[in-house]
Amino acid sequence: MAATLPILNPATGGVVLRLAADGPREVAQRYAAARAAQPRWAAMPIRKRIAAIEKFRAQVVARADTLAQTLTQEVGKPIRQSRNELEGLLARLDFFIAESARALREQKVFTDASKRLDERITHEPLGVVANISAWNYPYFVGSNVFVPALVAGNAVLYKPSEYATLTGRHIADLLHASGVPDDVFVPVIGGGSTGAALLRQPVDGVFFTGSYATGAKIAAAAGKRMIKVQLELGGKDPVYVCDDVDTKAAAQALADGAFYNTGQSCCSVERIYVHEAIHDAFVAAFVAEVNGYRIGDPTDDATYIGPLTRRAQLDVLRRQVADARRKGAALLTGGSAIKRKGNWFAPTVLTDVDHSMLVMREESFGPIIGIQAVADDAAAVELMNDTAYGLTAGVYTNDATRARRVLARVHAGSVYWNCCDRVSPRLPWSGVKHSGIGLTLSTMGIQTFTRPKAWHLRSA
Ligand code: NAD
């Protein structure tokens, strides 16, 4: 009998729906259908595949309200932030629609008429790829993969997170209604065991977004198969606030960077280092900002902080707070779960923290931040790099030279000057160390769903 997948509302703990999860047999059937369909899809002219994405975009616009409501219901994302995610999705789609044909065009790289020689590169689709996804920004992390993968001529077996399954089904319905065949974009529904069953199929590539712990399992499963593996994993993203900034403006921006999406962004600000000269003023402004956040019903337009999507994360946050306090941290606000139905944790600010504490080392993925004073830029850089992760890092200063000097020395896939928690479709999104391998977005993030074929052509 098929396992059941309950869809929960994190704001209430209530069951929204129960679905049948795909077991190994269904996964094998879906794989076989995708394998059979992929050559036909790849043989179509690219402009037809791009036209399907244009129709998908129009469908997203037409259904935006329903899509936002579903996202808020199953993930607990405050409704305004759900709408923002859908708007951001449109910007990404626009980028892929505008840039894909150029990025995937055949390139003539060398010609020597005297030797009658031509050298060319074509971008061949990988074939059937698995897209195993996270729940925190399902439209972003999903579309970064399945849109360019489809445009490049691949069939996609798409496993949404078990916490964003209804959104995954919406995505599939809209793509199918836009002309992507059912067996070219194939949803695979279920949790970790369904994902593991998917990886037992002979797919040609695995594109994963999720935690380091799961990413390591995926890499191990794919290791012997010589297939392309891309892993977009977690972070412990630091920001350094220099002594020359507008303290209040920096505090407001960084509180948003830390607490937006209830702190559940891969590139949330997770550690703040503040120059000791402005530390106290910065902390006061930061706490005032956080205490002003509206916590509550995520369907309410005024809400800024919603529930945590995964109940288990409450324990991670409790453990981090207890550990920090035991080791001497000061708790300035929050610090515990909120007593109401669902998965609620009060926005939490800790100071007097150091790197012996879990809150400065482990990904928190929730509404909690540690703020540490530093004496100078060198100390800040050393602490920023003292991590297993390397997704993003930022610096706030009025001095461009100082910003470049700091950012050149931090080890991260993306670096920010006077901004944070930001992703651009035009720039590659990648991490170093435990934050992953490979990249999405930018023109490189289109080509990544292909293998280059080298053509050496000598006419007779
Ligand atoms: P997760 O690792 O728990 O799950 C991710 C996906 O893997 C889900 O679809 C899950 O069902 C599946 N899965 C679980 N076990 C599996 C297995 N053994 N084999 C195959 N699939 C398996 O992560 P999550 O809670 O969904 O997402 C949160 C994490 O994702 C955070 O660490 C966050 O930082 C990270 N993330 C990173 C990025 C990025 O761009 N770097 C973006 C979003 C989220």
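The values are calculated or read from the model by the stated rules, or taken from the named source; none is laboratory data. Source: prediction; values computed, not measured. Methodologically, a virtual Cβ is constructed for each residue, glycine included, from the backbone with ideal geometry; neighbour enumeration extends over all protein chains shown.
In the range 174-202, how many are over 14 Å from Ala130 (Cα atoms) and either free of Cβ contacts under 8 Å to residues at least 12 places away in the same chain or more than 10 Å from the ligand (Cβ to nearest atom) (or both)? Number satisfying all stated conditions: 9. Considering only the range 155-166, I want to know if a residue exists there that is part of a helix (DSSP H, G or I), within 16 Å of the ligand (Cβ to nearest atom) and closer than 23 Å to Ala20 by Cα. Scanning the range 155-166 turns up at least one residue that is part of a helix (DSSP H, G or I), within 16 Å of the ligand (Cβ to nearest atom) and closer than 23 Å to Ala20 by Cα.
Cβ-Cβ contacts under 6 Å between residues 6 or more apart (or on different chains), taken from a first residue in the range 119-137 that is in a strand (DSSP E or B) to a second residue that is near the ligand (Cβ under 6 Å from one of its atoms), are listed as Ile132/Lys159; Ile132/Gly195.
Do any residues in the range 323-345 that are over 15 Å from Asn291 (Cβ atoms) have Cβ atoms under 6 Å from those of residues that are of a type in the set (S, T, N, Q), where the two are at least six apart or on different chains, and which pairs are they? Cβ pairs passing all conditions: Lys327/Ser356; Ala330/Thr351; Lys341/Thr12; Gly342/Thr12. Could you please let me know if Ser100 is away from the ligand (no atom under 16 Å from the Cβ), in a helix (DSSP H, G or I) and crowded, with 21+ Cβ neighbours inside 10 Å? Yes, satisfied. Counting only helices (runs of 4 or more DSSP H) that fall entirely inside the range 335-447 and contain at least 3 residues that are not aliphatic (A, V, I, L, M), the qualifying elements are 377-385, 400-409.
Would you be able to tell me the number of residues in the range 384-409 that are polar (S, T, N, Q) and crowded, with 20+ Cβ neighbours inside 10 Å? Matching residues across the range 384-409 total 3. Within the set Val316, Val381, the sole residue that is under 30 Å from Arg402 (Cβ atoms) and either crowded, with 24+ Cβ neighbours inside 10 Å or β-branched (Val, Ile, Thr) (or both) turns out to be Val381.
When restricted to residues that are in contact with a Leu (Cβ under 8 Å, 6 or more places away or on another chain) and closer than 23 Å to Tyr139 by Cα, the range 210-223 contains 5. Filtering Val229, Val245 for residues that are more than 11 Å from the ligand (Cβ to nearest atom) and under 25 Å from Ala277 (Cβ atoms) leaves a single hit, Val245. Taking every residue in the range 74-85 that is on the phi > 0 side of the Ramachandran plot and pairing it with any residue that is of a type in the set (A, V, I, L, M, F, W, C) and at pLDDT 95 or above, at least 6 positions away or on another chain, the pairs with Cβ-Cβ distances below 9 Å are Gly76/Ala11; Gly76/Leu308.
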